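The values are calculated or read from the model by the stated rules, or taken from the named source; none is laboratory data. Since the model is a prediction, treat every value here as computed from it, not as a measurement. We place every Cβ from the backbone using ideal geometry, glycine too, and count neighbours over all the protein chains shown.
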Amino acid sequence: MGVPLRQQYTVAKYLLRQRLKGNRRYPLVLMLEPLFRCNLACAGCGKIDYPDEILNRRLSVEECLAAVDECGAPIVSIAGGEPLLHKELPQIVDGIVARRKYVYLCTNALLLKKRIDDYTPSPYLTFSIHLDGNRERHDASVCQKGVFDRAVDAVQLAIRRGFRVTINCTLFQGEGAEEVAAFLDYCTQLGVEGVTVAPGFSYERAPKQDIFIKMRESKQLFRDVFRLGRRRRWKLNHSSLYLDFLAGNQSYNCTPWGNPTRNVFGWQKPCYLLVDEGYAPSFKALMEETPWHKYGNAKNPKCANCMAHCGYEASAVEDAIKRPWKALWVSLFGPRTRGPMAPEPVPEYEIPAGTQSRPAIPLKVVD
Ligand code: SF4
Ligand code: SF4
C-alpha cells in the first residue's frame, strides 16, 4: 500500500473513534471542488460542461475551511475543475494543513511548474497528478498532445522539491492488461508514492459516452492486471479490500457518505459523480436529508456500473475493520485473480422490456 504509516495511523484512530461513538455514517474523505473551470477539456469529464456563469464561480478560502471543519474527515481531496486555477488555493491548502488534515491536491499538472513555489512540502500535502496511462493513452484521454510529457516533468519536479506525489489514473474502454501493467511499472520508476486507479464513471455530462467500461469487463481487466503484477513492486493507493472488490471478489454496497462533496452549488447529494440529485445547504443537512437507501449498484440505474472509490473505498474500509484477517490476507497475498467472481448485485429497479441486463446510464448523443 502506498500510504505512509503516520497517515494510516491517523485514519485508523479516526475510524476507531467513530465506531466507539456508534456512528453508522461518517465521512472518510472530503471531496472539495472549489471551482469547475479547467484548462483542459477531457472526453470523459463530467465537470466542465457548465455555462460560463457557473465555471466562473469559486468557493472562497473561508467557505473551503468551513467545509473542512464542518465535515471533520481526516483526508481532503481537492479536485475541480483544475484547482491550480484558483488564485487562493495556496491559502486554502495552508489552512487545511494547519488543521493537520491530509490534503490530496488533484491536478492535471499543467500549471504546477509555474505555481510550485506557492506551496511548502509537508507530510500533510500530496500532489495527486492526473495521468490516464502511457503517453499516447493519456494525451488521447485529455484530448491534447504533449500533456503527458508536461505532467511527467511536473511529477519529477515535485518529487525533487520534496513533495509527496501520487498518480491518479482512470481506466477507459480499450485498455489492455499489459498496457496498464506497463504504465504501473513506469509510475514505479518515476518514484511516486502510489497510484490510485479506478474505472471511469459514466458521467451523464461527459462529452463522449462510448469510452466507459462496464462493470464485468472492469473486474476482468483488474484481475488480468493484478495477475501480471504478482511479482512487481507497484504501490496502489487503496485498501486491500477495495482492490479485491475491483477484482470481482467482493460484493459491496455503496457508502457514498464516506466521501461527501462540497462544491460551488453546496453539498452534493449523494456523491460527486451524480448530478441532478440535489444539494444540501450544510454537511449536517446532507447527512440527514439524503435518501441514501436510493443509491448503489442494485438500487439506482445511474449507479449500475459504478465501482468508484468514492462509493466503495469506504465500504471496503468498513469491511476491513469488521474482518481484519480478511484484509490482511489480501494485503499479503493480493486479490484472487482466478475462479468465480462474487455475485453482482441484482437490480431492484425495473429493467426495460427486451433488455437482458441492467440498463446503462441514458446515453447522451455526441456528434
Ligand atoms: S483535467 Fe480533470 S477537470 Fe479538467 S477536463 Fe480533464 S477530467 Fe475534467
Ligand atoms: S454507486 Fe457510485 S454513483 Fe452511485 S451513489 Fe455510489 S458512488 Fe455515487
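In the range 142-151, of all residues being crowded, with 18+ Cβ neighbours inside 10 Å and in contact (Cβ under 8 Å) with a residue 60 or more places away in the chain, the one that is farthest from residue 170 (Cα to Cα) corresponds to 147.
Taking each residue of the range 219-246 that is among the small types (Gly, Ala, Ser) and looking for partners that are assigned to a loop (DSSP other than H, G, I, E, B) with beta-carbon atoms closer than 8 Å, six or more apart or interchain, yields 229/334; 239/1; 240/1; 240/335. Within the range 146-203, if we keep just the residues that are among the acidic types (Asp, Glu) and part of a loop (DSSP other than H, G, I, E, B), the residue that is modelled with the highest pLDDT turns out to be 193. Residues in the range 213-245 that are in contact with a helix residue (DSSP H, G or I) (Cβ under 9 Å, 6 or more places away or on another chain), farther than 26 Å from residue 126 by Cβ and among the charged types (D, E, K, R): 4 in all. The set of residues in the range 72-90 being more than 16 Å from ligand 1 (Cβ to nearest atom) and either assigned to a loop (DSSP other than H, G, I, E, B) or buried (at least 23 other Cβ atoms within 10 Å of the Cβ) (or both) consists of 72, 73, 74, 76, 87, 88.
Mind telling me which of the residues 300, 259 ends up being at pLDDT 90 or above, surrounded by fewer than 22 Cβ atoms within 10 Å (Cβ to Cβ) and within 21 Å of the chain's Cα centre (by Cα)? Step by step, each of 300, 259 is checked, and only 300 is at pLDDT 90 or above, surrounded by fewer than 22 Cβ atoms within 10 Å (Cβ to Cβ) and within 21 Å of the chain's Cα centre (by Cα). A single member of 272, 252 is touching a helix residue (DSSP H, G or I) at 6+ places or on another chain (Cβ under 8 Å), under 20 Å from residue 196 (Cα atoms) and within 16 Å of ligand 1 (Cβ to nearest atom), and it is 272. Of the residues making up the range 48-58, none is within 16 Å of ligand 2 (Cβ to nearest atom) and either more than 19 Å from residue 129 (Cβ to Cβ) or buried (at least 21 other Cβ atoms within 10 Å of the Cβ) (or both).
Given the criteria among the aromatic types (Phe, Trp, Tyr) and either at positive phi or within 16 Å of ligand 1 (Cβ to nearest atom) (or both), does residue 279 qualify? Spelling it out, it is not the case that residue 279 is among the aromatic types (Phe, Trp, Tyr) and either at positive phi or within 16 Å of ligand 1 (Cβ to nearest atom) (or both).
Please go through the range 282-318 and pick out each residue that is within 16 Å of ligand 1 (Cβ to nearest atom) and assigned to a loop (DSSP other than H, G, I, E, B). Within the range 282-318, just 308 meets the criteria. Scanning the range 111-141 for residues that are surrounded by fewer than 22 Cβ atoms within 10 Å (Cβ to Cβ) and within 15 Å of residue 80 (Cβ to Cβ) gives 111, 115. Of the residues 14, 26, the single one that is aromatic (Phe, Trp, Tyr) and surrounded by fewer than 19 Cβ atoms within 10 Å (Cβ to Cβ) is 14.
The residue of the range 280-290 that is nearest to ligand 2 (Cβ to nearest atom), among those that are free of Cβ contacts under 8 Å to residues at least 40 places away in the same chain and buried (at least 16 other Cβ atoms within 10 Å of the Cβ), is 290. Residues that are assigned to a loop (DSSP other than H, G, I, E, B) and within 14 Å of ligand 1 (Cβ to nearest atom) were ranked within the range 91-110; the one that is surrounded by the fewest Cβ atoms within 10 Å (Cβ to Cβ) is 110.
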